[in-house]
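Please read the structure below before turning to the comments.
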Ligand SMILES: Cc1cc2nc3c(=O)[nH]c(=O)nc-3n(C[C@H](O)[C@H](O)[C@H](O)COP(=O)(O)OP(=O)(O)OC[C@H]3O[C@@H](n4cnc5c(N)ncnc54)[C@H](O)[C@@H]3O)c2cc1C
């Protein structure tokens, strides 16, 4: 199953980093290909993401469920394609690192069904750039808020 | 037309514009004939429409069918091709194609290492004189793109036709009718290992042959204007890194820049009928056509396209433009029909896509209206359970772009199709399906139709009832693999001047030229075969010219 873990150091204390990460509305738009999202309640939302897998791009909508929310520690969510045979998991975890914070982003996406293995083969290589891009933007935004 | 620069940025003997099958073959031949060759490509990747295609050439009377014991002859090929061209192409051009295509394909096999295999695919009019039920359409092998070295990343990626395997293996698996016959785990491994198939394989092999020969290839270098002197084309103004880039070509320029299907202006000016969706990559904007018009080329076959009933699925893009998909089994397999807004069938849906697409142009003179636009493919749950519909494998859930109804009436209402019309059509079609004979359009009566159907479905491989709810409809419109009008050429591929005579130093090959099949499509691979063959012919002639 294609997955990626990416860690960055944020030049901001843990509280400030968590304050930003704890609310999905603050960061979902930094996901590459983000088009829009709708929040249905505290734990349920739908995301529309235009996934570019190199050979083509496609807008896919996911039902997102916040599975776990541990204050000051991590937020874990699961994804399920609304009409696509795809599912996945993700998390954002924060850990104090002196005056800074270590931010770890995890994402796994898996296509199912008959042609799932081929979709997964094209998904695999794009997860790393997605994670790097997302974490980079997140860090920049948190540091920008911290500086202001 | 650009003026001659004081200093050329690059000097070559033969300049080829475009890196599809036509351009790559032209470059290989020009090199092998002893000339210095430069190939320029507008896009950042190599391969054009050829790379995203099935990668088949259609070569009548080829050596592979002879080896396989399939009979064919020059006479049969000529009879058939003249029928296909329908009197709209000079006989001498048809003859040049028929005589050179087998020589070209043998040369490419021997000297460029691209070995095709005979496919089971029948000609598109297999029942007509000279038509064959197999042998002329040649399937590409699998290709290891790692052999391209640092050019691997420059091989254009196909968005739809992506099976990383040889056509021979694909055909044997019968995955066309039942995709469950393929091992997708193995295909995924192939893909990750850099194995490519279909059009990417054809292009990969040809590109490798160019690289092995040290042919100079410049990507992201669009040709812009031709430069002539004393009536002969001597060079081109291109663009490189945002600057004008002047290339001298002492023996000739071969335009191989594909069709004009991505130019809305040219489409409107030249192609009658409803608008059509381009299925090629977006860089095919008719540049070569405009360049040749600017120096007085005679044009031909401008109103013809390589048509195909196509669909766009919401949210899919290729290089920032909407991606269009061709329909094949969706129309031809059992349990599906194609209807217009009156709910009426209007064609043998399983027949060759090029001629089926022509029916979208049918006009009701009184209503001054295109009667078959819009159209829908209508199918039922039996289809969904047994076959693949575009991106949806058998047995998987319906997608939002599929209109659904629990009854035929409900489906008709949802889609905006005449309810009574559709009900009558489905009832009548189900009768044909049960008998195995389509009395209205003869679906399943040709070898071509049956090849597109399900070999395990009897008595007629293409006919199955539409009776199991839910029912589905998907909108289908005219699309094009490419256009096929452009500068007319002589038997050497040299471009003709509109006022008579030839334009010295200028050649055209492939979809950029006035297509030598006229309105027709001989069989799977006719477009690639024509491109490769005219690239071969043009290069042979250009390299025999004295250097200017
Ligand atoms: C899905 C699909 C399946 C198909 N399957 C088949 C098949 O199996 N067999 C078959 O015969 N046909 C098939 N076709 C059609 C076939 O792909 C094309 O007709 C054929 O490849 C055209 O070849 P070409 O060399 O003329 O042009 P192309 O392959 O399109 O190459 C033209 C190249 O010129 C470049 N170019 C354009 N303008 C410039 C410029 N100004 N300067 C420099 N470069 C320029 C383009 O970027 C492009 O790379 C298919 C098409 C599609 C879309």
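Being within 9 Å of the ligand (Cβ to nearest atom) and either part of a helix (DSSP H, G or I) or not assigned by TED's automatic domain parsing to the domain that holds residue B:108 (or both) is a property that residue B:527 has. So is residue B:522 at positive phi and within 12 Å of the ligand (Cβ to nearest atom) or not? No, not satisfied. Of the listed requirements (1) out of contact with any helix residue (DSSP H, G or I) (no Cβ under 7 Å at 6 or more places or on another chain); (2) more than 13 Å from chain A (Cβ to nearest Cβ); (3) at pLDDT below 95, residue B:137 misses just one: (3).
For the condition touching a strand residue (DSSP E or B) at 6+ places or on another chain (Cβ under 6 Å), closer than 30 Å to residue B:190 by Cα and away from chain B (no Cβ under 14 Å), residue A:93 does not qualify. Scanning the range A:110-148 for residues that are touching a helix residue (DSSP H, G or I) at 6+ places or on another chain (Cβ under 6 Å) and more than 9 Å from chain B (Cβ to nearest Cβ), we see that the one that is nearest to residue A:53 (Cα to Cα) is A:111. Checked against (1) closer than 30 Å to residue B:124 by Cα; (2) in contact (Cβ under 8 Å) with a residue 24 or more places away in the chain; (3) more than 15 Å from the ligand (Cβ to nearest atom), residue B:314 passes all but a single condition, namely (1). Within the range B:242-255, the only residue that satisfies the criterion of being at positive phi and without any contact (Cβ under 8 Å) to a residue 12 or more places away in the chain is B:242. Any idea which residue in the range B:492-517 is farthest from the chain's Cα centre (by Cα), counting only those that are assigned to a loop (DSSP other than H, G, I, E, B) and within 15 Å of the ligand (Cβ to nearest atom)? Of everything passing the filter in the range B:492-517, B:493 is farthest from the chain's Cα centre (by Cα).
Quick check on residue B:401: is it within 13 Å of another protein chain (Cβ to nearest Cβ) and under 25 Å from residue B:160 (Cα atoms)? Yes: the conditions hold for residue B:401. Within the range B:158-178, the set of residues being modelled with pLDDT of 95 or more, away from the ligand (no atom under 13 Å from the Cβ) and out of contact with any helix residue (DSSP H, G or I) (no Cβ under 6 Å at 6 or more places or on another chain) comprises B:165, B:166, B:168, B:169. For the range B:135-151, which residues satisfy the criterion of being assigned to a helix (DSSP H, G or I) and in contact (Cβ under 8 Å) with a residue 12 or more places away in the chain? Selection gives B:145, B:146, B:147, B:148, B:149, B:151. Residues of the range B:291-306 that are under 21 Å from the mean Cα position of the chain (by Cα) and within 13 Å of the ligand (Cβ to nearest atom): B:304, B:305, B:306.
For every residue, the table says whether it meets (1) closer than 21 Å to residue B:56 by Cβ; (2) assigned by TED's automatic domain parsing to the domain that holds residue B:516; (3) in contact (Cβ under 8 Å) with a residue 24 or more places away in the chain.
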| residue | (1), (2), (3) |
| --- | --- |
| B:75 | no, yes, yes |
| B:82 | no, yes, no |
| B:98 | yes, yes, yes |
| B:108 | yes, yes, yes |
| B:115 | yes, yes, yes |
| B:119 | yes, yes, yes |
| B:122 | yes, yes, yes |
| B:133 | yes, yes, yes |
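In the set (1) away from chain B (no Cβ under 14 Å); (2) within 29 Å of residue B:191 (Cα to Cα); (3) without any contact (Cβ under 8 Å) to a residue 40 or more places away in the chain; (4) surrounded by fewer than 18 Cβ atoms within 10 Å (Cβ to Cβ), the condition left unmet by residue A:79 is number (4). Scanning the range B:25-35 for residues that are away from the ligand (no atom under 16 Å from the Cβ) and out of contact with any strand residue (DSSP E or B) (no Cβ under 8 Å at 6 or more places or on another chain), which turns out nearest to the other protein chains (Cβ to nearest Cβ)? Residue satisfying both the conditions and the ranking: B:32.
Each residue in the range B:494-544 was checked for being under 19 Å from residue B:28 (Cβ atoms) and surrounded by fewer than 24 Cβ atoms within 10 Å (Cβ to Cβ), and 4 of them qualify.
The values are calculated or read from the model by the stated rules, or taken from the named source; none is laboratory data. Keep in mind that this is a model prediction, so the values were computed, not measured. FYI the Cβ positions are ideal-geometry reconstructions off the backbone, even for glycines, and counts take in every protein chain you see.
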